[in-house]
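These notes are about the structure you will find just below.
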Amino acid sequence: MPVSSPLSSDAPDDNERRGLQLLIVDDDATQCRLISIAAKQAGHSVSLARSCVEALRQLQDQRFDCITLDLMLGDGDGIEVLQAIADAKFAGSVIVISGMDAARRTAARSYGRSLGIDLQSLPKPVDLAALRVCLANLRKTALGLPVVHTWGGIAADGVAARHRS
């Protein structure tokens with residue numbers, strides 16, 4: 001049986017294994033749980049904020065690679081959190097996950113981008129497959145690697161070519 005050395009090209013380096021530091025900002029316990037489980041299963045570290053105030057406090061105290069953000073929170077509007085993210089010069093990505101209609105999600109996405117925030121959006125209830133694709137792409141981008149996953153399917157380093165022969 002072959003022994004893999006630390007220098008083996010088959011062994012992923014620590015950067016490839018490092019998950020994202022994810023902040024979930026949502027006051028819906030079910031959505032928090034679903035997003036958290038999906039993120040943890042994909043190897044990401046998760047922190048929760050159930051309100052605008054809690055999100056703002058965590059953004060001051062910790063560093064995150066990505067934030068999932070509900071726009072309708074019990075103590076305010078997620079737009080306030082977007083503004084605080086911009087004020088803090090947050091360099092990561094934001095995924096808006098909201099039950100608002102598509103027009104309001106699009107408006108929030110446009111506003112976030114006008115603030116210089118890399119922002120995507122998904123409707124509630126969250127499609128966990130779409131969330132996993134977003135997180136996988138963000139992980140690759142954070143590591144400076146090319147994005148492998150696409151919305152139309154998964155491109156996996158020539159796998160399709162190997163199966164055609």
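Before moving on, here are some points about what is shown:
- Any chance Ile37 is modelled with pLDDT of 90 or more, hydrophobic (A, V, I, L, M, F, W, C) and surrounded by fewer than 20 Cβ atoms within 10 Å (Cβ to Cβ): yes
- Hey, Leu48 part of a strand (DSSP E or B), within 24 Å of Val126 (Cα to Cα), of a type in the set (A, V, I, L, M) and modelled with pLDDT of 85 or more or not: yes
- Those helices (runs of 4 or more DSSP H) lying entirely in region 58-165 with at least 2 residues loosely packed, with under 12 Cβ neighbours inside 10 Å and at pLDDT 85 or above: 102-114
- Only one of the numbered conditions (1) in contact with a Ser or Thr (Cβ under 8 Å, 6 or more places away or on another chain); (2) on the phi < 0 side of the Ramachandran plot is violated by Glu80, and that is (1).
- Scanning region 1-34 for residues that are at pLDDT 50 or above, in a loop (DSSP other than H, G, I, E, B) and farther than 22 Å from Lys140 by Cα returns Asp26, Asp27, Asp28.
The values are calculated or read from the model by the stated rules, or taken from the named source; none is laboratory data. The shown structure was predicted, so the numbers you read here are calculated from the model rather than taken from an experiment. Ideal geometry is used to build each Cβ from the backbone, glycine not excepted, and the neighbour counts take in all protein chains shown.
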